[in-house]
Amino acid sequence: MYDRVKISTGLLVVVLLVLIPFFYNNDASKAAPELTMPTNAKACVLPRAEMRAKHMQLLNTWRDEVVRKGDSRPVLVDGKEYPKSLQLNCMECHTSKVNFCDKCHNYSSVRPYCWDCHLAPVE
Amino acid sequence: MKYAFPLAAVVALILIALIAVQIPGMQYLFGVIIPYLAVAVFVGGFIYRLCYWGKSPVPFNIPTTCGQEFSLPWIKQDKLECPSTRLQVVARMFLEIVLFRSLWRNTKATMYEGPKLTYESSKWLWLFGIVFHYSFLIIVLRHLRLFLEPVPSCVALVEILDSLLQVGAPLMYITDATILLSLIMLLLRRLWNPYVRYISLANDYFPLFLILAIVGTGILMRYFIRSNVDIEAIKQLAIGLATLHPTIVGPISSLFYVHLFLVCTLLVYFPFSKLMHMGGVFLSPTRNLANDSRMHRHINPWNPPIKPHSYASYEDEFREDMIAQGIPVEQGGPQEAGAK
Ligand code: HEM
């Protein structure tokens, strides 16, 4: 092989870059976040699987409906009324932002900017 | 019609994954086994291709030169377009790889009535090419959040900058819009421009359709069809793959498996296709050689060894014949013998 040293160095760099995830993680990385679930209620606004995947879209729709369309009528789920709100709804049951929202968001590297304005429950 | 087959192939790949993951147990095949095979083929194929190229000799010093070469001191050299030292070559390569400088020179010839021929620089290929490549790079960097725990702050920074517009929730990424736009424009260019269309082959269309499908499924998953796109479960799968203890916790959207299967196809296809220009650009002799053939001798590695052949040894070899033909020789000739 010509230019053996240069090509091998380049190859080594590429291979190491591709394999970063295989070296970077350790056993601690495998643990999923442990969340503190609400004790004062049995069910969320939507079924659990849907909440996990879609809660940001739900919040976004509510926000648009309230702030843009002025429609702040509460939503009715299973005969129970929920206000379309972040502070006055989600955080009423999920009383700990740190041990619920944040734990999961840190794991997925999401940083919702809502808390720039909205107030998180005091912890 | 050269786009029909690649398009059908990508549609078939989507359907295969979409239908197969409905069968219980197939998630393991599409979520674990195929990804491992794909990474192995990618890394192995990449090494194989580069070693294969490394073994090919470069017989001539063939840098493409597009400016004044190194000459007399009072003639200004164009150091980037006609590099003569290693440092200048490195600078030229760097700008080529980072800014795609050679695409900046894409000229378009048009014939007007008269007849009048004009040349103008066409920057569209450069623009959409560079937008595509950087969007792709940023998206791949952002995806590292699924593979690394704790997420490094540089990946987080890329995410913050990419979602700076703060549109909607989940936040819209700027690169999602730019990659989609640039891919569509690159595809339209192949279809619309008659010259480019004429030279486009199935293997030009296939990567475009494949990446378009990857981006399409990714965007659908993030903004439109979020059902069962449980990032936590997906991250556990990804980290499991990276720590060699793969587990699939809970149901994950089939859209995700389609996305992953298309990415695996891309990884397998990569080393054996034109996409290898990623590694090839570094080994391209028209770019990585210095135009210094007047200062250093370029040795063609396949030349047979040329042994020096002096006149004295030439005469030694043919002396008898030379004397027989009456050709004067310097040593051992008849005159010399007669003088003695
Ligand atoms: C060639 C490599 C890949 C490309 C070009 C690509 C492209 C994309 C794009 C454009 C999106 C839209 C959202 C965003 O920009 O983040 C996306 C989302 C996504 N991709 Fe990929 N992807 C690739 C590889 C992968 C791999 C290997 C995985 C496996 C873990 C994956 C999992 C996901 C997931 C889970 C989402 C949804 C993210 C969310 O909802 O925020 N992608 N992809």
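Residue-wise test of (1) assigned to a helix (DSSP H, G or I); (2) within 13 Å of chain B (Cβ to nearest Cβ).
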| residue | (1), (2) |
| --- | --- |
| A:T36 | no, no |
| A:T39 | no, no |
| A:C44 | no, no |
| A:A49 | yes, yes |
| A:K54 | yes, yes |
| A:L58 | yes, yes |
| A:R63 | yes, yes |
| A:V66 | yes, no |
Completion exercise
Of B:V249, B:V258, the only residue that is buried (at least 18 other Cβ atoms within 10 Å of the Cβ) and either within 11 Å of the ligand (Cβ to nearest atom) or without any contact (Cβ under 8 Å) to a residue 24 or more places away in the chain (or both) is B:V258
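Residues are listed down the side, and each one gets a yes or a no for (1) out of contact with any strand residue (DSSP E or B) (no Cβ under 8 Å at 6 or more places or on another chain); (2) within 14 Å of another protein chain (Cβ to nearest Cβ):
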| residue | (1), (2) |
| --- | --- |
| B:G54 | yes, yes |
| B:T65 | yes, no |
| B:E69 | yes, no |
| B:S84 | yes, no |
| B:V89 | yes, yes |
| B:V98 | yes, no |
| B:R105 | no, no |
| B:K108 | no, no |
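Looking at this structure, is B:L125 in the same structural domain as B:H277 (by TED's automatic domain parsing) and assigned to a helix (DSSP H, G or I)?
Working: in the same structural domain as B:H277 (by TED's automatic domain parsing): yes; assigned to a helix (DSSP H, G or I): yes.
It is true that B:L125 is in the same structural domain as B:H277 (by TED's automatic domain parsing) and assigned to a helix (DSSP H, G or I).
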Completion exercise
Of (1) more than 14 Å from chain A (Cβ to nearest Cβ); (2) more than 16 Å from the ligand (Cβ to nearest atom); (3) surrounded by 19 or more Cβ atoms within 10 Å (Cβ to Cβ), B:M322 satisfies every one except (3)
Fill in the blank from the handout: Taking region B:261-280 and keeping only residues that are more than 12 Å from every other protein chain (Cβ to nearest Cβ) and more than 9 Å from the ligand (Cβ to nearest atom), one is left with B:F261, B:T265, B:V268, B:Y269, B:F272, B:S273, B:K274, B:L275, B:H277
Exercise for the section: Being at the interface with another protein chain (Cβ under 9 Å from one of its Cβ atoms), among the hydroxyl-bearing types (S, T, Y) and assigned to a helix (DSSP H, G or I) is the filter here, so list the residues in region A:1-25 that pass it. Expected result: A:S8, A:Y24
Fill in the blank from the handout: Considering region B:234-251, residues that are among the β-branched types (V, I, T) and farther than 17 Å from A:C104 by Cα, and then whichever is farthest from the other protein chains (Cβ to nearest Cβ), we arrive at B:I248
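The values are calculated or read from the model by the stated rules, or taken from the named source; none is laboratory data. Note that the coordinates shown come from a computational prediction; the quantities given were computed from them, not determined experimentally. Don't worry about glycine lacking a Cβ; one is built from the backbone with ideal geometry, like all the others, and counts go over all protein chains shown.
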